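The values are calculated or read from the model by the stated rules, or taken from the named source; none is laboratory data. The shown structure was predicted, so the numbers you read here are calculated from the model rather than taken from an experiment. All Cβ positions, glycine included, derive from the backbone under ideal geometry; neighbour counts span all protein chains shown. Only protein heavy atoms, including side chains, enter the accessible area calculation; ligands, DNA and RNA are left aside. Shrake-Rupley method; radii C 1.70, N 1.55, O 1.52, S 1.80 Å.
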Amino acid sequence: MMGFIKKLFGGTTVDYRSLLQKGAVIVDVRTTGEFRAGHIEGSRNFPLDSLRDHINDLKKMDKPVITVCRSGARSNIAKDILKSAGLEAYNGGAWIGLKNKVA
């Protein structure tokens, strides 16, 4: 049902597992304290308020970026920031949800 709704309103389904197999980088935009309390192994912590400071580093990696946070709100903002900077970026939503999808 959700797939139908996404298609109806123009959303797309992202294959996060495939992106990760191709080398995508997971960027967790929660605060350092939130990140320390739990995160996806191998993810990088660039809090949303400092994300712009890391754009050039991410561009040098030349890989897709999957953003995550606690609920999906900050990661959506981060995705928009990265896309407007020319990066291939996807909102992975809540970090724990993405972890469960790709584990």
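Take the Cα atoms of region 43-103, find their three principal axes, and give me the spread along each one in whole Å, biggest first.
29, 21, 17
Any idea of the accessible area per residue across region 11-61, 1.4 Å probe, to the nearest Å²?
Numbers: 3170 Å² over 51 residues.
It amounts to 62 Å² per residue over region 11-61.
Where q = 0.10, 0.14, 0.17 Å⁻¹, what log10 of I(q)/I(0) comes from the Debye formula for the chain, counting one point per Cα?
-0.25, -0.50, -0.74
Does anything in region 44-69 have its amide N under 18 Å from the 7 Å Cα→Cβ label point of ASP15, and if so which residues?
Answer for this model: 64-66.
Within 12 Å, Cβ to Cβ, of GLY93, how many net charges do the neighbouring residues add up to if Lys/Arg are +1 and Asp/Glu are -1? Show your work: numbers first, answer last.
On the way: positive: ARG70, ARG74, LYS79, LYS99, LYS101; negative: ASP28.
For residues surrounding GLY93, the net value is +4.
Around LYS63, what is the net charge, scoring Lys/Arg as +1 and Asp/Glu as -1 over all other residues with Cβ under 11 Å from its Cβ?
Working: positive: LYS22, LYS59, LYS60; negative: ASP62, GLU88.
The answer is +1.
Tell me the angle of helix 73-84 to the major Cα principal axis of the chain, expressed in degrees between 0 and 90 and rounded to the nearest ten.
Here the helix axis deviates by roughly 80 degrees.
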